[in-house]
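The values are calculated or read from the model by the stated rules, or taken from the named source; none is laboratory data. Here the structure is a predicted model, which means the values were calculated and not measured. All Cβ positions, even for glycine, are placed from backbone atoms using ideal geometry, and neighbour counts span all protein chains on display. Quick note on the areas: whole protein, heavy atoms, side chains included, nothing else; ligands and nucleic acids left out. Shrake-Rupley method; radii C 1.70, N 1.55, O 1.52, S 1.80 Å.
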Amino acid sequence: ADMGCHVSINDSDFDVASMAGIMAGEADITFRNTKAKCGTYFVLMHSIGGPEELSYLKVTGGEIETRSPVVLIKSANADISFDGVKMASGSGVLLKSVTSVDPQAAKAANTKGQDVYGIHATFKEMYVEGDIDHSVDKENRNMTVYLESTTLKGAVKDARISINPRSSWTATADSNVTIVGDVDLSQIDAPAGVTINAAADQSGTYKLAGGGTLILKKP
């Protein structure tokens, strides 16, 4: 789905050596009740235009199994929504952002005073395991993860995270996040030996129920 494309895929099965979808620029793909077994990613999102381009990926229901990260975002702004999806990544990574090596890739313009949409990813009505890694492209755009009635188990690196009252997050490895909204310690956990460093509206060091440590600092 390249620039200007609008794609809907309903009640379909994919068994592919690489990806179920590739997106570039102002475009959208909607998957409904899709079963996908992918040899690499489920979807690759990239941009070859201006920093204002935004791609939309919406997945409702279905099952996804990948060998690589479920979604790879290469120097792109993205609005991603997973609603009631069963997913598993052989790499252990759900979302990963990287910097594109394509010479035509869109250049993020935060440092030039332009406002960049960034990456917004919503997980709704799900139990999901896997990491979210924004450590590579963090200087170019923000990533914000929204948990809505969702349980996430995995590390989150260099992303913002919003956890609604019916959601929870267990960090399975050291994580660095910015917490959006109020902090309810009962919704955040980590096993012994795992530390979560978080920018938040309050400061303090807390021992979590699983034995891990949460360190909050005001930005």
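Annotations
- For the range 28-63, the set of residues classified as modelled with pLDDT under 95, surrounded by 16 or more Cβ atoms within 10 Å (Cβ to Cβ) and among the acidic types (Asp, Glu) consists of Glu53 only.
- Summed over the range 175-197, residues that are open to solvent by 50 Å² or more (accessible area, probe 1.4 Å), under 14 Å from Gly211 (Cβ atoms) and among the acidic types (Asp, Glu) total 0.
- Restricting the range 42-85 to residues that are hydroxyl-bearing (Ser, Thr, Tyr) and under 23 Å from Glu139 (Cβ atoms), the residue that is farthest from the chain's Cα centre (by Cα) is Ser47.
- Of the residues contained in the range 86-96, none is found to be surrounded by 15 or more Cβ atoms within 10 Å (Cβ to Cβ), in contact with a strand residue (DSSP E or B) (Cβ under 8 Å, 6 or more places away or on another chain) and modelled with pLDDT under 95.
- Any pair with Cβ under 8 angstrom, 6 or more apart, that starts in the range 23-43 at a residue that is on the phi > 0 side of the Ramachandran plot and in contact (Cβ under 8 Å) with a residue 12 or more places away in the chain and ends at one that is assigned to a strand (DSSP E or B) and surrounded by fewer than 23 Cβ atoms within 10 Å (Cβ to Cβ): Asn33/Asn10; Asn33/Thr60
- Pairs, first in contact (Cβ under 8 Å) with a residue 12 or more places away in the chain and more than 17 Å from Lys153 (Cα to Cα) in the range 190-210, second open to solvent by less than 60 Å² (accessible area, probe 1.4 Å) and assigned to a loop (DSSP other than H, G, I, E, B), C-beta under 6 Å, six or more apart: Ala200/Val183
- Considering the range 150-189, the residues that are in contact (Cβ under 8 Å) with a residue 24 or more places away in the chain and in contact with a Pro (Cβ under 9 Å, 6 or more places away or on another chain) include one that is nearest to Thr99 (Cα to Cα), namely Thr178.
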